Amino acid sequence: MSNTIIEAKIVVLGMTGVGKTSIVVQYISHGNNQRINPTIGASFFTCQITLDSYNVKLQVWDTAGQERFRSMTPMYYRNANAALLVYDITSRESFEEIQSWVVVLCVVGNKSDLAAERVVPVEEAQDFAISIKAFHFETSATTRKGIEEVFLHLAKSLIFLYEANRDPNMPVYNDDINTCDMPSVNTIKGKTITLDKEDHIAQQHHAKSRCCSS
Amino acid sequence: MAEEPVVSSANDDEFKQGSEPGACRNSMLIATDSYEDIAQYLKADVCQSDVPNGKSTSVVGDADDASETSTPDQTVKCQNRVDPEETSVCSEQCTQYDRQEVSSDDSAVGDNSEETATTAVTETGQNSPKETLPDISCINRQLSSLSASDGSPHSVDTDQVCQPASSDVTEPSVTAEEYLSPELDYVHSAQWKNQDKHIFILSKAGKPIYCRYGDEDRLVTLFGVMQALVSFIQSSKDSIRYIVAGDHKFVFLVREHLILVAIAQTKESSTHLLLQLTYIYNQVLSILTLSQLGRIFNMLHNYDLRRLLSGTEKTFDNLLNVMNQDPSFFLCAVRCLPLETSVRDTVAQSIAQNAKVKDLVYAILITNHQLITLVRMKHYFLHPLDLHLIFNLVSATESFKAAESWTPICLPKFDSNGYLHAYISYLDESCDACLLLLTVDKDLFFTLSDCKRKIMEKLTKHHSLKAICESIRRGNYCISEAGIPELRHFLYKSRSTAQFTSPKFEVPYTAEEDRQRLFRLYQHLHYRIHCNSRPLKIMFTVGEYETLLGWVTSGFELYAVFGPLVTKPLAINSINKLLKWIKKEEDRLFILNSPTF
């Protein structure tokens, strides 16, 4: 029996230097690169997770965090099925910045190996995640701690989303979402479906689902 | 004595324009920019943006040329002596202005004044105002203390560099201790001052943007001085070009929104330094575009541009490092990966056939600052200046190796106001070749990713990938392949295709410092041949360690290095043999036709 294939697009967002690329590279190629250069534009990764009878193909857009690429970000989250919001637990600024994003699946606090320099408490990040109906993780791209869980969780929720819909066209983020211009969840059109009570996962559902292919 | 005419007549017949080694066969591949065109381009830009009346005299060129007519060997000997010609060629007012500077220098610096004569050269050199002399003395004091470090290293005095604010520089009230706090150490250390070449980028308002060494926040005062110098000269409707102070040259490139300054003690000509600044300026444009720069600075005069350039320091550092060792930058030419014609044609065909996408402008396959192939849209050419920025972007960005990337890039010679979108991906993990597909459509990523997959299939099928990897692994060719024992090394540039070739560095140029010395010799030869006031066709100079021969015709430029004992007839005989060899190998060394989509 062949597995059902689910294709999903994921976008990784967050301030420069929080370790977005490190997380993705650590997950996909087990590359323990201590000092990765700043990403230019955006990098595109693919990976596959097999869970039960599903093959989840993840297409990951790893975006550059620098300010000058900000205007390009809508291009990447448009048609994305899920977003990872990454912040650095040793940088308050990076945590505050992700709060300007309102559409989330996972909030990821990176650099958990630097807990000694922590300035963003776990509880606070969890509260924020709950408030936007997202899920919170802490990871360390250096030690690989927690990274597997993030992607596994993503795959699980995508399968859940698929089963709930039974529609090959997965719900995607609305074109209109924006960064700082969007003060609250209310400004987003479309309805929110709660996928899993335990996991507090929320997914914005575009009224008219769009195909995820480019 | 008689050899020179012989060589020119014999070879002018043999290699008429269009038939010299590496001449392009059909329409030009990259661009046909000669060095003179670039020089013109540099000049034109300066005049356009900075001198409202657009009247520039040749004062600058002359002064520069005269000061640098000594051979490198002589220059080494007279390190601490300022060539008297330098000042004498400047216009009268200019000289007067210099003397005033020197005299103010005396009072400020004392010990070092004997060795630190300062020459400032401006665009017109005529309107040097005298009434604001006190300002200049402050500025000059800072400058001279910066340049003083080489004149007499033992007398370097840190407190002279670190003036806190330009308003009270002349007050000797500040003691040395105040400046010797540990965090200020590096930028005021002798090590910092003795760096061969400093590069600074600042905004028109004097805000620091980039510096090669140290933390620009610690150098705010120095940036202020540079800005003051530029605006001081500008206030008299003139534009500063460079200042010579002892062994240091301070070269300024003033653009609409930015000021770029090079401070070098490398004995490079100011033309070469100016060209390097232009590359750096183009690098800024490549990241931000000219229109965005204009928008930002028109909105906020004192905007801190570092916010938008964050994460790009490596790109600038890399560009500066490469410019210090790769002759392709001053030659304004591109090196091609040596490859059999059949292989190169197959590669180009595979790309052209599988990347037939509307709005795709260029498909470029490169490796380590060398071009493998270039397929372009009809009627669009890629300028070497732009290609160097692409080379630099790829070599400075490790992250391209990890995944396919999609990024906006501005190619200033193509269009300085808009972005092209680049799909960037290495062919294969085992192969250091990187494919770039440049388009004007920002939504083409997945289409182009698909093209790349098809191209890869074709390349693997035709075994081209293996041939490319093999050539990359083998590296550049050895000079011994040409079979000319007297010849140690050479650079050959085909002017019609803007491509050049040179063998790898071998004994005696294997050590880094020898290679650096050879590089400077090539630069010097290039400068002498192209100098504005007295361009040369052939130059033969005998030095302590080697003999150099430079030869420029309308079709090519050749710079050759022999042992110090080679005779003129032998050298000329050798380069004739060399030209025949290059002609024989031209299909492998150059890209002679230019496929289009």
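The values are calculated or read from the model by the stated rules, or taken from the named source; none is laboratory data. All values reported here derive from a predicted model rather than from experimental measurement. Here the Cβ is made from the backbone with ideal geometry for all residues, glycine too, and neighbour counts use every protein chain on show.
A few notes on this one:
- The conditions of being small (Gly, Ala, Ser), part of a helix (DSSP H, G or I), under 21 Å from B:Gly418 (Cα atoms) and not assigned by TED's automatic domain parsing to the domain that holds B:Phe391 are not met by B:Ser231.
- Residue identified as surrounded by fewer than 17 Cβ atoms within 10 Å (Cβ to Cβ), in contact (Cβ under 8 Å) with a residue 24 or more places away in the chain and small (Gly, Ala, Ser) among B:Gly563, B:Gly555: B:Gly563
- Index of the failed condition, A:Thr63 passing every other in (1) within 20 Å of B:Thr312 (Cβ to Cβ); (2) out of contact with any Leu (no Cβ under 7 Å at 6 or more places or on another chain): (2)
- Criterion violated by B:Asn532 - all others in (1) crowded, with 21+ Cβ neighbours inside 10 Å; (2) under 21 Å from the mean Cα position of the chain (by Cα) satisfied: (1)
- Residues that are of a type in the set (A, V, I, L, M), in contact with a Phe, Trp or Tyr (Cβ under 7 Å, 6 or more places away or on another chain) and surrounded by 23 or more Cβ atoms within 10 Å (Cβ to Cβ), drawn from segment B:230-253: B:Ile240, B:Ile243, B:Val251, B:Leu253
- Residues of segment B:418-428 that are more than 13 Å from B:Lys442 (Cα to Cα) and either facing chain A (nearest Cβ under 10 Å) or of a type in the set (Gly, Ala, Ser) (or both): B:Ile424, B:Ser425.
- Residue within segment B:525-541 that is modelled with pLDDT of 90 or more, of a type in the set (Ser, Thr, Tyr) and closer than 22 Å to B:Thr271 by Cα present: yes
- Qualifying residue in segment B:497-506 (condition: assigned by TED's automatic domain parsing to the domain that holds B:Gly550, of a type in the set (Lys, Arg) and in contact with a Cys (Cβ under 7 Å, 6 or more places away or on another chain)): yes
- Those residues of segment A:59-74 which are crowded, with 18+ Cβ neighbours inside 10 Å and modelled with pLDDT under 85, in sequence order: A:Met72, A:Thr73
- Among the residues of segment A:106-131, those identified as in contact with a helix residue (DSSP H, G or I) (Cβ under 7 Å, 6 or more places away or on another chain) and of a type outside the set (Gly, Ala, Ser) are A:Cys106, A:Val107, A:Val108, A:Asn110, A:Val119, A:Val120.
- Segment B:271-313, subset at pLDDT below 90 and charged (D, E, K, R), residue farthest from B:Asn532 (Cα to Cα): B:Arg307
- A:Thr39 surrounded by fewer than 19 Cβ atoms within 10 Å (Cβ to Cβ), within 14 Å of chain B (Cβ to nearest Cβ), under 29 Å from B:Tyr303 (Cα atoms) and over 14 Å from the mean Cα position of the chain (by Cα): no
- Selection within segment B:391-407 - crowded, with 21+ Cβ neighbours inside 10 Å, within 13 Å of chain A (Cβ to nearest Cβ) and of a type outside the set (A, V, I, L, M): B:Asn392, B:Thr397, B:Phe400, B:Ser405, B:Trp406, B:Thr407
- Selection count where residues are part of a helix (DSSP H, G or I), surrounded by fewer than 21 Cβ atoms within 10 Å (Cβ to Cβ), of a type outside the set (A, V, I, L, M, F, W, C) and within 14 Å of chain A (Cβ to nearest Cβ), scope segment B:266-311: 5
Conditions tested, residue by residue: (1) surrounded by fewer than 20 Cβ atoms within 10 Å (Cβ to Cβ); (2) within 12 Å of another protein chain (Cβ to nearest Cβ); (3) among the basic types (Lys, Arg).
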position: A:Gly19; (1), (2), (3): no, no, no
position: A:Phe45; (1), (2), (3): no, yes, no
position: A:Asp52; (1), (2), (3): yes, no, no
position: A:Tyr76; (1), (2), (3): no, yes, no
position: A:Ala82; (1), (2), (3): no, no, no
position: A:Glu96; (1), (2), (3): yes, no, no
position: A:Gly109; (1), (2), (3): no, no, no
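- Applying the criterion of at least 3 residues that are under 30 Å from A:Thr63 (Cα atoms), in contact with a Gly (Cβ under 8 Å, 6 or more places away or on another chain) and at pLDDT 95 or above to the strands (runs of 3 or more DSSP E) found wholly in segment B:421-523 leaves an empty list.
- Residue check, A:Tyr87 of a type in the set (Ser, Thr, Tyr), touching a helix residue (DSSP H, G or I) at 6+ places or on another chain (Cβ under 8 Å) and in contact (Cβ under 8 Å) with a residue 60 or more places away in the chain: yes
- Single residue of B:Ile575, B:Ile582 found to be surrounded by 17 or more Cβ atoms within 10 Å (Cβ to Cβ), in contact with a Pro (Cβ under 9 Å, 6 or more places away or on another chain) and closer than 15 Å to B:Ala482 by Cα: B:Ile582
- Scanning segment B:518-552 for residues that are among the β-branched types (Val, Ile, Thr) and in contact with a Ser or Thr (Cβ under 8 Å, 6 or more places away or on another chain) yields B:Ile538, B:Thr541, B:Thr547.
- Residues satisfying the stated conditions in segment B:435-447, i.e. surrounded by fewer than 22 Cβ atoms within 10 Å (Cβ to Cβ) and away from chain A (no Cβ under 12 Å): B:Val440
- Flag if A:Tyr173 is assigned to a loop (DSSP other than H, G, I, E, B), aromatic (Phe, Trp, Tyr) and modelled with pLDDT under 80: yes
- Unique residue being farther than 21 Å from B:Leu331 by Cα and among the acidic types (Asp, Glu) when the list is B:Glu557, B:Glu544: B:Glu544
- Flag if B:Thr501 is surrounded by 19 or more Cβ atoms within 10 Å (Cβ to Cβ), β-branched (Val, Ile, Thr) and more than 14 Å from chain A (Cβ to nearest Cβ): yes
- For B:Asp415, the criteria (1) in contact with a helix residue (DSSP H, G or I) (Cβ under 7 Å, 6 or more places away or on another chain); (2) away from every other protein chain (no Cβ under 12 Å); (3) free of Cβ contacts under 8 Å to residues at least 40 places away in the same chain; (4) not aromatic (Phe, Trp, Tyr) hold in every case but one, which is (1).
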